[in-house]
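For reference, the structure is listed below as structure tokens.
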Amino acid sequence: VEMTPIGNRHAAGVRRLSNRLRDILGRRALVDSQNPVQLGDWSEPEPDIAVLSWRDDFYAAAPPAAADVLLLIEIADSSAGYDRDVKAPLYARQGIPEYWILDLGAGILEVLRQPAPAGSRSRYRDVHRLRRGEEISPLAFPDVTFSVSDLLGPHL
């Protein structure tokens, strides 16, 4: 798949969020950046951030699969439509429990949860858009709270 080059704002967003997640989650989960997740025989996307179940071998024996994913995050500088319209149905179809789109351009965090059951339309049934000043806790870590303002970073 041909991709748009990664810009500075996008790269900074991935770094900021990856570091924040690693600091907070420690060894409770493995935070992976822009590495493949195996979603079926013919699909191996490379989400900006994948929060995975901890494995001491760091997935050396096999790539993470859908069952290993706790949360996927895409940082969208100009790709929000693609992340929402193409990636979200793929992730829902594979049963990824939670997917965030951090839309830097719009200044929102789109939170997608509850993938529709297999065989139904591939979508998430619970979708929320959060703005600066609001907070979110990942489903897998309800004791951890993130400020949307911190996730989005400084206004540029």
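The values are calculated or read from the model by the stated rules, or taken from the named source; none is laboratory data. Computed from a predicted model, the values in this text were never measured in an experiment. Note that each Cβ is placed from the backbone with ideal geometry, even for glycine, and that neighbours are counted across all protein chains shown. To get the accessible areas, we keep the full protein, side chains included, count just its heavy atoms, and leave off ligands, DNA and RNA. Shrake-Rupley method; radii C 1.70, N 1.55, O 1.52, S 1.80 Å.
Overall, the accessible surface of segment 55-117 at a probe of 1.4 angstrom is composed of carbon and sulfur to the extent of 55 percent.
Loop-located chymotrypsin sites (Phe, Trp or Tyr not before Pro) in segment 19-81 (DSSP state not H, G, I, E or B) with no more than 14 neighbouring Cβ atoms inside 10 Å: Trp42, Trp54, Phe58.
Note on the chain: along the principal axes its Cα atoms extend 40, 35, 33 Å, ordered by decreasing extent.
Remark: relative contact order (the chain) = 16 percent; criterion is Cα-Cα distance under 8 angstrom and separation of 6 or more residues.
Using the Cβ of Val37 as centre and a radius below 9 Å, the other residues enclosed give a net charge of -4, where K and R count +1 and D and E count -1.
Potential lengthening of the chain between Val86 and His128 amounts to 13.3 nm, from the contour at 0.36 nm per residue minus the alpha-carbon distance. Note on segment 63-126: dipole from Cβ charges, positive end direction compared against Pro115, Leu104, Leu72; the farthest Cα belongs to Pro115.
In the full protein context, the chain carries 53 Å² of accessible surface per residue, based on a 1.4 Å probe and ignoring ligands, DNA and RNA.
Shown here for segment 1-101: GluC sites (Glu not before Pro) in loop regions (DSSP other than H, G, I, E, B) with at most 13 other Cβ atoms within 10 Å, namely Glu2.
Stretched out straight at 0.36 nm per residue, the stretch from Asp56 to Glu135 would grow longer than its current Cα-Cα span by 25.4 nm. Looking at the chain alone, DSSP beta bridges between its own residues are antiparallel in about 80 percent of cases. Between Asp150 and Arg15, the simple label model (points 7 Å from Cα in the Cβ direction) yields a spacing of 1.9 nm. When you filter the trypsin sites (Lys or Arg not before Pro) in segment 1-98 for DSSP loop state and at most 16 other Cβ atoms inside 10 Å of their Cβ, you are left with Arg55.
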